[in-house]
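Working notes for the structure below.
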Amino acid sequence: MINTTNTSEITPSKPALKIQGLTVSYGDKTAIFSVDANFPTASMSAIIGPNGAGKSTLLKAVIGVQPILAGQVHIFDNPIKNNLQKIAYVPQRVSVDWDFPTNVIDVVQMGLYRQGGLLGRMKGEQTSIAMDCLDRVGMADMWQQQIGQLSGGQQQRVFLARALAQDAEIYLLDEPFSGVDAATERAIIDVLKSLKSKNKSIIAVHHDLATVRDYFDYVLMINIKNIAEGLIDETFTNENLQSTYGGKLELTHAEELSAPRDRPTK
Ligand code: ADP
Ligand code: MG
């Protein structure tokens, strides 16, 4: 498999992703202002906040899709510049237009292109890596399907397989469980847990407050600016939730938090 990372870099004391004073604007509208974050290595981190809080913008700024107005991003203590290949990104599903005809295995092989891994790689080897990644998300049987004809949950699995093909160190996912069925949610969380067990770092924008405690170790709570950041037990408190959601948090959500449902645990 592809591995471009010096494993000595990956120590729990170094944050996988460190963000300092990150400010991003769309024209004269500030989407995030001076955000700091220290996402730990070999952990599952959640980014939570209300709609329009700047969660997607934060991820896009990290991967360089959205220009940064101010601030710095480091991965494993190195500037992100020249280290982008260590990051795999799974966009929010609604942001992808699947009108162009392409099949499942081609989408997964795009992950290999981003790595530059196609150079010198035999076609058979590419196919075998892509099929292995599809197998890990339970989609190997559908490798020839047109992507546009899959359900939302199936598309999300294929996206995750593409990220796996990149063999990255840090996985950024934007609402990976949005609009997927329970079986897909469980399949995705299992894959993410297995990445974590291999010392990979997972950072996901997450909208379902009821599963934050079950799925994640660490949380960044933002609403344009930082609200709170840290280990779940200390940080994911009602007080911080009220600050993050500006009093708009429904009581029913808060109640759900204290009544964990039957979900896979971390
Ligand atoms: P979240 O993911 O937390 O819902 P976003 O990062 O998508 O929030 O958006 C943050 C703010 O930036 C919102 O007010 C949104 O309307 C605005 N925004 C997002 N993308 C664009 C864009 N391409 N052009 C202009 N404004 C945008
Ligand atoms: Mg978003």
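Note on the range 7-258: dipole from Cβ charges, positive end direction compared against 67, 48, 26; the farthest Cα belongs to 67.
Full extension of the segment from residue 70 to residue 29, taken as 0.36 nm per residue of separation minus the current Cα-Cα distance, would add 13.3 nm. When you count the other C-beta atoms within 10 angstrom of each residue and take the mean per peptide, 75-84, 154-163 line up highest first as 154-163, 75-84. For residue 225, the lysines whose Cα comes closer than 22 Å to its Cα, not counting residues fewer than 8 places off in the same chain, are 18, 29, 55, 60, 248. Coupling constants for the range 43-57 follow from the phi torsions by the Karplus curve (6.51 cos²θ - 1.76 cosθ + 1.60, θ = phi - 60°), and in residue order they are 9, 9, 10, 10, 10, 10, x, x, 4, x, 6, x, 5, 5, 4 Hz; glycine and proline get x. Taking all protein chains as they are arranged and a probe of 1.4 Å, the heavy atoms of residue 125 leave approximately 90 Å² accessible to solvent. The order of 186, 93, 136 by accessible area, most exposed first and with a 1.4 Å probe, is 186, 136, 93. Considering only protein heavy atoms, what per residue accessible area in square angstrom results for the range 7-258 with a 1.4 angstrom probe? On a per-residue basis, the range 7-258 sits at 44 Å². Can you compute the FRET efficiency between residue 186 and residue 235 using 1/(1 + (r/R0)^6), with r the Cβ-Cβ distance and R0 = 25 Å? Round to the nearest 0.05. My answer for the efficiency is 0.50.
Taking Cα centre as origin and charging only the Cβ of basic (Lys, Arg, +1) and acidic (Asp, Glu, -1) residues, the dipole magnitude of the range 7-258 rounds to 740 debye. In plain terms, the chain from residue 243 to residue 63 could stretch by 62.0 nm, reckoned as 0.36 nm per residue minus the Cα-Cα distance.
Using only protein heavy atoms and a 1.4 Å probe, report how much of residue 26 is accessible, in Å² to the nearest 10. Counting only protein heavy atoms, the figure is 90 Å².
Ordering 190, 167 by accessible surface, largest first, gives 190, 167; the 1.4 Å probe counts only protein heavy atoms, with every chain in place.
The values are calculated or read from the model by the stated rules, or taken from the named source; none is laboratory data. Just so you know, these numbers come straight off a predicted model, no measurement behind them. Neighbour counts run over all protein chains shown; Cβ positions are idealised from the backbone, glycine included. Ligands, DNA and RNA are stripped out before the accessible areas are found, and what is left, the full protein with its side chains, is counted by its heavy atoms. Shrake-Rupley method; radii C 1.70, N 1.55, O 1.52, S 1.80 Å.
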